[in-house]
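K.L.:
This structure is in structure tokens; I'll ask about it shortly.
The values are calculated or read from the model by the stated rules, or taken from the named source; none is laboratory data. Bear in mind the structure is a predicted one, so any value in this text is a computation, not a measurement. Glycine also receives a Cβ, built like all others from the backbone with ideal geometry; neighbour counts cover every protein chain displayed.
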Amino acid sequence: MLVPLSWLKEYVDINVSPEVLEEKLFSCGFEVEERYQVGKDISGIVVGLVESCDPIEGTHLSLCMVNAGSYGTFQVCCGADNVRAGGKFPLALVGAQVYATAKDHVTVEGLMEIKAGKLRGYDSFGMLCSGTELGLSEDLYPGAGYNGLLVLPEDAEPGADVKEITGLNDWIYDVSITANRPDAMSIFGIAREVAAVLSAPLHAPDLSYTEKLSKTDVTGQGLEVSVAAPDLCPRYIGHYVYDVKIAESPAWMKRRLALVGCSAISNIVDITNYVLKELGQPMHAFDEAFLSQSRIEVRRAREGEPIVTLDEKEFKLNDQNLVICDGEKPVALAGIMGGLNSEIRDTTTGVVFEAAKFARDNVRKTSRALGQASDSSAVFSKGVNEYTTVMAMKRALHLVEELQCGTVSSTHVDVNTGNSVEPRDLTVSVKRVNGVLGITVPDEEIVSILNRLDMQPELSGDTLKLRIPAYREDMEAYQDVAEEVIRMYGYDHVQPTFMPTASVTSGGRSAHQKALLRLRQALAAAGAYEAIHYSFFSPADFDLLMLPQDAPERKAIRILNPINEDLSLMRTTLAPQMLYAIQRNQKRGNIEGRLFEIGKVFLPKELPLADYPEERETLCIGLFGNEESFYTLKGFADTVADTYGVTFRYEAAEATYLHPYQTAAVLLNGEKIGVLGKVKYEIADELVLRTPAYILELDLSPLSKYDSSIKKYRPLPKFDVEKRDFAFVLDQGVSCEQVEEAISGACPYITSVRLFDVYEGANLPKGKKSMAFSVVFTPEDHAFTEQEMVGFTDAVLRDLQEKVGAVLRS
Amino acid sequence: MAESNTLQERLTSIRAEVREKLQAIMDSRSVYEYRKSVFDGKTGLIGSLMREMGKIPKEEKAEFGKRVNEIKNWAQELFDEKNTALKELEMKKRYESERIDVTMPAVKHVHGNLHPVTMVTNQLIDIFAGLGFDIYEGTEIEKDYYNFTALNTPADHPARDMQDTFYLSPEFLLRTQTSAGQIHVMEEKKPPIKIISPGKVFRSDDDATHSPMFTQMEGLVVDKGITLGDLKGMLDEIVQKIFGEGTTTRLRPSYFPFTEPSVEVDVSCFQCKGCGCSLCKGTGWIEILGAGVVNNKVLEGCGIDTDVYSGFAFGVGLERIAMLKYGYNNIKLLFESDLRVLSQIDD
């Protein structure tokens, strides 16, 4: 919110520098996002008295001698039509900075520095300036809109600073207001805070006016107001003004509106905007002549009811929208914008002012639904209080009199739901206030602070009685009082303590959290980098994985208001984002690498959601590069198993996005918990992958029961283990697992079976392969004799022959 | 004496022969072979000398034995010396043959790493675990009630505008803040409560400093006599552990519906030590988190007696901490999984 320092000073005497004021606002909860001088871009402009002015023949230029007081007298060439001897104009000295304008002298095209120069052979030391060149508009300074020199007052001293004369030295504070303080969303609201924080007196705006004739006296018809939707409009005040003379507003009002970014329109409309900025209460003015039956009815719109707003946009409404109607039709979209049909015109002679409170949620929703917003709707959405609603109407009527643009009638209609605008009582314990802060603020400080905030404190013992102003709807309990006290007393008074009264607790990671940390560390130690991807993804990601239309993965939760379609579904698999991560890396020249992600997939029990969905912890690993293979990825799977102290089984399997013959299911206790394999060539081609990629996706939830499995020491064998190598010839169709199982089953002392060579080709019959295994026999209670070992190996050979048709390779 | 002379001569010539032959040998294998032959009991130049003892007159036996032993010892020594010299030579040659270019690149050890946000999360968890905090992880999909209503943010509350929320249904949404976990914890557990709750949160924002998903960590303490001073004391401790000793905090008023009073917490700029630099935009302070004294309405909603208990809560964006600590200039870098980014930081 923009707050001009000059405007603020109308309500409070500010005797600190603009910088200190910024710090004070910051310290009491109003962060100044930006503080700037109105004329921040221009410099070096002084009052110049043109002492002589001679036309340069054959040109439109005049050669002037300009007296700039203590700066000296300068020869300046000037092309403006209103330059004249004896006139006082802004002189930009050599070295000054002003706005550069286009040929039309109106359009600003950046900034320029004034240099000594020559025009048509005449030296010129400076430039006489227009209002535009100083950044002034007609609203900011009368006469500044003229396309020629800006005329300065007769009494301006040559050499004096033009910024001071024209108000360009004013400061603007862009203040950020937190959502709990809608009462501070105005110049006067900020003034109340400034007065409190500076301990300076507050001067309230003049609310006085005199009521004259009634509307019936004037028009023969009274004003009738009814509110059919009090839930959406707890208060509606209407007041009739007659003998209206539409004209321009006075310079001071136009200037203030311009400083806060509001263009002046006409006195009546400007009054509503002025009150909005000054007090934070949106107002509206209807041309009474266009209010059918002199009636105002506040009601929900009918289905399909049309309205054309002031900016000539048409909307079709529904019963979620609140409208202000006359005897026949909607004349305003409540709290958002007036209707075109009842707007103030040059011919308007009678006006009904509206000051109301509309439900913030309804204004916000209607504004969003229709895509129509205004300064009013922004304020209503934050919330207004009825105290200010009442005050604002008085202020508007006062301004009507002050501007002499109409006569205030005695016709005042106030429809309300009985909310009080009187201060309310709040009694709190000082001990509890201090208890929140952890320090003891001196009683007299507490009383002084709350006095400055107009809360009329009365302290007796521990009991603090307050009268909370009606505009402070946020004040409810001792915690709120504590906040008021400390933000004025200063947060730097809070002393750091370390929970002296709290219980001792032992905390730390749960077994599950520890297990996940171990898993992450194990995967990192194995060479993979952890990735984090969004929890949402694109419907197109299912197609990337070539999933059929009825695939369970496609049953995903939809975000109702996604940023875009690509981020519109809660993910049911981590694979697509891993594939894209691999693609991104390869595009950027990282053609090999290892990534893993531990994240959740979201599995709805039913759609639409009626209950929390399952958020299943899932691991995804992506390997890519020419050195990687199905087996390097399988090594990662085994790392996972080792981390939890379990053993995985693998069996050939299929997945829509993986190689039909290089894919395995991961089994834990016979149950499938994941899949791993080489990414299909079709997908690799689509993603333009330069090296092979491998993906593993694993459900971690079944592993959680092994979170706290503590590995125990197994004593080392007392007797030397025996190691024997076997090379078998078998059918190509026999799997490694089948052979391993046959070997392991052949002798109870076998503790390890490890494949170390596979061979197919020359020297072997067609359809056969050779596999070589290293087998370890571990004795239990005595060292194996040579005979025993012969028996064991014979058993292995016999079983292998029987079970998988293997013969020892000769 | 004639015989002695002869013996003397023989021994001298043996010495000369052995010395000469040995000198010509250039490898230890041949030294070994030659030594074997010289000391051979039957045929060896020296080894066979003792066989002559029988022929030596009795009175000369002692002298003969002494001389033979002398030459034996001399020969042993000579062979040992030769061996040593040869070994040295061979080692020298071997070493020389294995000369490498030490400036050639190292063989890298393959290793990966945790995500920077995980690193920050782990560091914070370690700090808070040491202070007796439990770690609670809520769900990413949350009910409107837990994310807003129970946190004193009813449906028409303007604070809802502060956060653009992703809705999944009228009832379910993607949590916008890990504060949602506070309520679950307080519903399940009675004070004393000391938890932190790290997790992913979601807001409909997407630019260089905002990501629609980011990571937050909520902290909550509810116990007897907890004050704003306790919040400051704890934060002072934490920021020193994260950003280094001497880092201080500054509280300034702010607003969150679920705390009262609410504060924004700034840390003194750890880069310029408060002198003003680009990191702190010249102010000497960096905004890092929001916090406050838990609003009584929130506690009462969870059935906690506010006459006995009070608490504080804070919420911190972990990507922000990672960005400040490790110097990332764009939050998106953290979600792109670019190995050139992920492999840089190890903390």
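K.L.:
Scan region B:136-149 for residues that are within 12 Å of chain A (Cβ to nearest Cβ) and outside any helix (DSSP H, G or I) and jot them down.
P.N.:
B:Tyr136, B:Glu137, B:Gly138, B:Thr139, B:Glu140, B:Ile141, B:Glu142, B:Lys143
K.L.:
Please count how many residues of region B:188-206 are touching a helix residue (DSSP H, G or I) at 6+ places or on another chain (Cβ under 9 Å) and more than 11 Å from chain A (Cβ to nearest Cβ).
P.N.:
Total meeting the criteria: 1.
K.L.:
If B:Gln344 passes every condition in (1) closer than 25 Å to B:Ser197 by Cα; (2) within 11 Å of chain A (Cβ to nearest Cβ) but one, which one does it miss?
P.N.:
(1)
K.L.:
Filter region A:758-810 for residues that are assigned to a loop (DSSP other than H, G, I, E, B) and hydrophobic (A, V, I, L, M, F, W, C); which is nearest to A:Phe719 (Cα to Cα)?
P.N.:
A:Ala783
K.L.:
Now for a different question. Would you be able to tell me the number of residues in region A:164-205 that are buried (at least 20 other Cβ atoms within 10 Å of the Cβ), more than 14 Å from every other protein chain (Cβ to nearest Cβ) and in contact with a Gly (Cβ under 7 Å, 6 or more places away or on another chain)?
P.N.:
The qualifying residues number 3.
K.L.:
Residues in region A:439-449: is at least one touching a residue at least 60 places away in the same chain (Cβ under 8 Å), surrounded by fewer than 19 Cβ atoms within 10 Å (Cβ to Cβ), not in a helix (DSSP H, G or I) and not hydroxyl-bearing (Ser, Thr, Tyr)?
P.N.:
no
K.L.:
Something else about it: Collect the residues in region B:155-169 that are at the interface with another protein chain (Cβ under 9 Å from one of its Cβ atoms), surrounded by fewer than 18 Cβ atoms within 10 Å (Cβ to Cβ), of a type outside the set (Ser, Thr, Tyr) and assigned to a loop (DSSP other than H, G, I, E, B), keeping them in residue-number order.
P.N.:
Passing the criteria: B:Ala155, B:Asp156, B:Asp164.
K.L.:
From the list A:Val666, A:Val601, A:Val640, which residue is within 24 Å of A:Leu516 (Cβ to Cβ), modelled with pLDDT of 95 or more and assigned to a helix (DSSP H, G or I)?
P.N.:
None of the other options fit; the residue is A:Val640.
K.L.:
Within region A:483-503, track down each residue that is of a type in the set (A, V, I, L, M) and either in a helix (DSSP H, G or I) or out of contact with any strand residue (DSSP E or B) (no Cβ under 8 Å at 6 or more places or on another chain) (or both).
P.N.:
A:Val485, A:Ile486, A:Met488, listed by residue number.
K.L.:
So, restricting to strands (runs of 3 or more DSSP E) that lie completely within region A:45-120, which ones have at least 3 residues that are more than 52 Å from the chain's Cα centre (by Cα)?
P.N.:
In region A:45-120, the matching strands (runs of 3 or more DSSP E) lie at A:62-67, A:73-78.
K.L.:
Out of the residues in region B:324-340 that are within 14 Å of chain A (Cβ to nearest Cβ) and free of Cβ contacts under 8 Å to residues at least 12 places away in the same chain, state the one that is surrounded by the most Cβ atoms within 10 Å (Cβ to Cβ).
P.N.:
If we take residues in region B:324-340 being within 14 Å of chain A (Cβ to nearest Cβ) and free of Cβ contacts under 8 Å to residues at least 12 places away in the same chain, then B:Ser337 is surrounded by the most Cβ atoms within 10 Å (Cβ to Cβ).
K.L.:
Quick check on region B:219-230. Is at least one of its residues under 30 Å from A:Ile559 (Cα atoms), more than 7 Å from chain A (Cβ to nearest Cβ) and more than 24 Å from the chain's Cα centre (by Cα)?
P.N.:
Scanning region B:219-230 turns up at least one residue that is under 30 Å from A:Ile559 (Cα atoms), more than 7 Å from chain A (Cβ to nearest Cβ) and more than 24 Å from the chain's Cα centre (by Cα).
K.L.:
Enumerate the helices (runs of 4 or more DSSP H) found wholly within region A:174-262, keeping only those where 3 or more residues are under 30 Å from the mean Cα position of the chain (by Cα).
P.N.:
Once the helices (runs of 4 or more DSSP H) in region A:174-262 are filtered for at least 3 residues that are under 30 Å from the mean Cα position of the chain (by Cα), what remains is A:187-198, A:251-259.
K.L.:
Name the pairs: first residue in region A:691-712 and among the polar types (S, T, N, Q), second residue assigned to a strand (DSSP E or B) and buried (at least 16 other Cβ atoms within 10 Å of the Cβ), Cβ to Cβ under 6 Å, at least 6 apart or on different chains?
P.N.:
From residues that are among the polar types (S, T, N, Q), the pairs are A:Thr691/A:Phe624; A:Ser701/A:Glu617.
K.L.:
Based on what the data block shows, is B:Lys297 within 11 Å of chain A (Cβ to nearest Cβ), touching a residue at least 12 places away in the same chain (Cβ under 8 Å), charged (D, E, K, R) and part of a helix (DSSP H, G or I)?
P.N.:
Against the criterion (within 11 Å of chain A (Cβ to nearest Cβ), touching a residue at least 12 places away in the same chain (Cβ under 8 Å), charged (D, E, K, R) and part of a helix (DSSP H, G or I)), B:Lys297 qualifies.
K.L.:
Assess whether A:Val413 counts as being touching a Gly at 6+ places or on another chain (Cβ under 7 Å) and surrounded by fewer than 20 Cβ atoms within 10 Å (Cβ to Cβ).
P.N.:
It is true that A:Val413 is touching a Gly at 6+ places or on another chain (Cβ under 7 Å) and surrounded by fewer than 20 Cβ atoms within 10 Å (Cβ to Cβ).
K.L.:
Considering region B:210-247 alone, what residues qualify as being within 23 Å of B:Asp347 (Cα to Cα) and assigned to a loop (DSSP other than H, G, I, E, B)?
P.N.:
B:Gly244, B:Glu245, B:Gly246, B:Thr247
K.L.:
Kindly indicate which of A:Val758, A:Val753, A:Val807, A:Val729 is out of contact with any Asp or Glu (no Cβ under 6 Å at 6 or more places or on another chain), surrounded by 15 or more Cβ atoms within 10 Å (Cβ to Cβ) and of a type in the set (A, V, I, L, M, F, W, C).
P.N.:
A:Val729
K.L.:
Take the conditions part of a helix (DSSP H, G or I) and within 13 Å of chain A (Cβ to nearest Cβ) and apply them to B:Glu260. Does it pass?
P.N.:
No, not satisfied.
K.L.:
Only one of (1) more than 30 Å from B:Ile321 (Cβ to Cβ); (2) touching a residue at least 12 places away in the same chain (Cβ under 8 Å) is not met by B:Ile127, so which one is it?
P.N.:
Evaluating B:Ile127 over (1) more than 30 Å from B:Ile321 (Cβ to Cβ); (2) touching a residue at least 12 places away in the same chain (Cβ under 8 Å) leaves (1) as the failure.
K.L.:
A further question follows. Just name the residue that is nearest to the other protein chains (Cβ to nearest Cβ) out of those in region A:458-473 that are touching a strand residue (DSSP E or B) at 6+ places or on another chain (Cβ under 9 Å) and surrounded by fewer than 20 Cβ atoms within 10 Å (Cβ to Cβ).
P.N.:
A:Asp462
K.L.:
Any residue at all in region A:105-127 that's surrounded by 18 or more Cβ atoms within 10 Å (Cβ to Cβ) and either within 30 Å of B:Trp285 (Cβ to Cβ) or touching an Asp or Glu at 6+ places or on another chain (Cβ under 9 Å) (or both)?
P.N.:
yes
K.L.:
Go through region A:365-381 and count every residue that is surrounded by 22 or more Cβ atoms within 10 Å (Cβ to Cβ) and more than 12 Å from A:Pro282 (Cα to Cα).
P.N.:
Residues in region A:365-381 being surrounded by 22 or more Cβ atoms within 10 Å (Cβ to Cβ) and more than 12 Å from A:Pro282 (Cα to Cα): 2 in total.
K.L.:
Across region A:23-42, what is the number of residues that are over 23 Å from A:Ala184 (Cα atoms) and surrounded by fewer than 18 Cβ atoms within 10 Å (Cβ to Cβ)?
P.N.:
Residues in region A:23-42 being over 23 Å from A:Ala184 (Cα atoms) and surrounded by fewer than 18 Cβ atoms within 10 Å (Cβ to Cβ): 2 in total.
K.L.:
In addition: Residues of region A:525-579 being part of a loop (DSSP other than H, G, I, E, B), more than 8 Å from every other protein chain (Cβ to nearest Cβ) and either within 30 Å of the chain's Cα centre (by Cα) or of a type in the set (Gly, Ala, Ser) (or both), which ones?
P.N.:
Result: A:Ser538, A:Pro539, A:Ala551, A:Ala556, A:Asn564, A:Ser568, A:Arg571, A:Thr572, A:Thr573, A:Leu574.
K.L.:
Something else now. Filter region B:81-135 for residues that are small (Gly, Ala, Ser) and part of a loop (DSSP other than H, G, I, E, B); which is farthest from B:Phe214 (Cα to Cα)?
P.N.:
B:Ala106
K.L.:
Could you grab the pairs with beta carbons closer than 6 Å, sequence gap of 6+ or different chains, first residue in region A:486-499 and facing chain B (nearest Cβ under 7 Å) and more than 16 Å from A:Pro442 (Cβ to Cβ), second one of a type in the set (Asp, Glu) and part of a helix (DSSP H, G or I)?
P.N.:
A:Pro496/B:Asp236; A:Thr497/B:Asp230; A:Met499/B:Asp230
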